[in-house]
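First the structure, in the form of structure tokens, and then the observations on it.
The values are calculated or read from the model by the stated rules, or taken from the named source; none is laboratory data. Worth saying up front: this structure is predicted, and the values here are computed from it rather than measured. Cβ atoms come from the backbone with ideal geometry, glycine included; neighbour counts cover every protein chain shown.
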Amino acid sequence: MTAGTGRLARAKINLYLHVVGKRADGYHLLDSLIVFAETGDLLSVEAADQLRLTIDGPFAEGLAAEADNLVLRAARALAAEAGIEARAHIHLTKSLPIASGIGGGSADAAAALSSLCRLWRIDIDAARLHRIALALGADVPVCVDGRPAFIGGIGEEIAPAGRLPAAWLLLVNPKVPTPTPQVFKARRGDFSHPARWSAPPASIADLAAYLKNCRNDLTEAAIAVAPPIADVLAAITATRDCLLARLSGSGATCFGLYEDEAAAEAARAAIARQQPGWWLAAAPIAH
């Protein structure tokens, strides 16, 4: 199995994230604009006599190819829905940091569902596939769709956001895990209001202006859990031509918004010189 045959499990970015309420069972209700960056993990599948997972890549050490791995759970759930035996060799090249607020595990599970549908020749409608995805995690359904979208509820409510203007993102992570439950537990303050648009911004300048009126309500809590996040945000903000710097999800990955590749790559190089131990990736927003 070669990496060139893989499916890209794109990084999921929360351009804004508002916490708008809390359910009786303790889950928080969200309003968020999700996009995907053209960078991520790589997942490949091939026929095999049993189900197994192998992992390599720069962040492979933090993952175990054991039964409770989300990719294997996705494979078993899809096979059960189709009434077949789960047989495949899945190979994951882990390039995204773990517990980093950019949906790596959810994107991997979504890529596994899509890839195995083709391998096993399963014809499944979107509603059934979303039901399987939601049982795996709140972020998995939007990763299955892979397009800009607003999410609501705990992540299961998905509404297309339309086509965004072309833009580039710089993703920066200080290699400090920030488990989502800890961040939500540390959150304080009132709930926010939804901030959805009626039509997508026409330009990158309009997008940046819109986003500046929004926020990530988990930022302070994430910094309390992982203080280096504050340094990351400051470093991105200081780069030339940065239109916006913000935390994605529950962190610790932060992003900078830029008009084009040259600006994003220049910012990446500048921060890499200052902080060679950080993880960085520049990529366009996927459409």
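Odds and ends about this structure:
- Residue in segment 183-205 that is touching a residue at least 60 places away in the same chain (Cβ under 8 Å), farther than 17 Å from Leu17 by Cβ and either in a helix (DSSP H, G or I) or within 21 Å of the chain's Cα centre (by Cα) (or both) present: no
- Output for segment 62-93, where each listed residue is part of a loop (DSSP other than H, G, I, E, B) and closer than 17 Å to Val140 by Cα: Asp68, Asn69
- Counted residues, segment 190-200 - those being surrounded by fewer than 17 Cβ atoms within 10 Å (Cβ to Cβ) and closer than 14 Å to Phe150 by Cβ: 7
- Test: residue in segment 4-13 that is hydrophobic (A, V, I, L, M, F, W, C) and in contact with a His (Cβ under 9 Å, 6 or more places away or on another chain): no
- Residues considered: Asp68, Asp56, Asp31, Asp49. Of these, the only one that is within 30 Å of Gly162 (Cβ to Cβ) and not assigned by TED's automatic domain parsing to the domain that holds Leu218 is Asp31.
- Scanning segment 59-67 turns up no residue that is touching a Phe, Trp or Tyr at 6+ places or on another chain (Cβ under 9 Å) and exposed (fewer than 14 other Cβ atoms within 10 Å of the Cβ).
Yes/no per residue for (1) within 30 Å of Ala222 (Cβ to Cβ); (2) in contact with a Ser or Thr (Cβ under 9 Å, 6 or more places away or on another chain); (3) surrounded by 19 or more Cβ atoms within 10 Å (Cβ to Cβ):
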| position | (1), (2), (3) |
| --- | --- |
| Glu46 | no, yes, no |
| Leu72 | yes, no, yes |
| Thr93 | yes, yes, yes |
| Ala127 | no, no, no |
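- All positions within segment 110-160 that are more than 18 Å from Arg10 (Cα to Cα), touching a Cys at 6+ places or on another chain (Cβ under 9 Å) and either not assigned by TED's automatic domain parsing to the domain that holds Asp68 or not acidic (Asp, Glu) (or both): Ile124, Leu129
- Residue selected from segment 245-276 under the condition modelled with pLDDT of 95 or more and among the polar types (S, T, N, Q), by the criterion nearest to Lys212 (Cα to Cα): Ser248
- Checked against the criterion of being in a loop (DSSP other than H, G, I, E, B), in contact with a helix residue (DSSP H, G or I) (Cβ under 8 Å, 6 or more places away or on another chain), among the β-branched types (Val, Ile, Thr) and closer than 25 Å to Ala222 by Cβ, the candidates Ile98, Ile122 yield just one match: Ile98.
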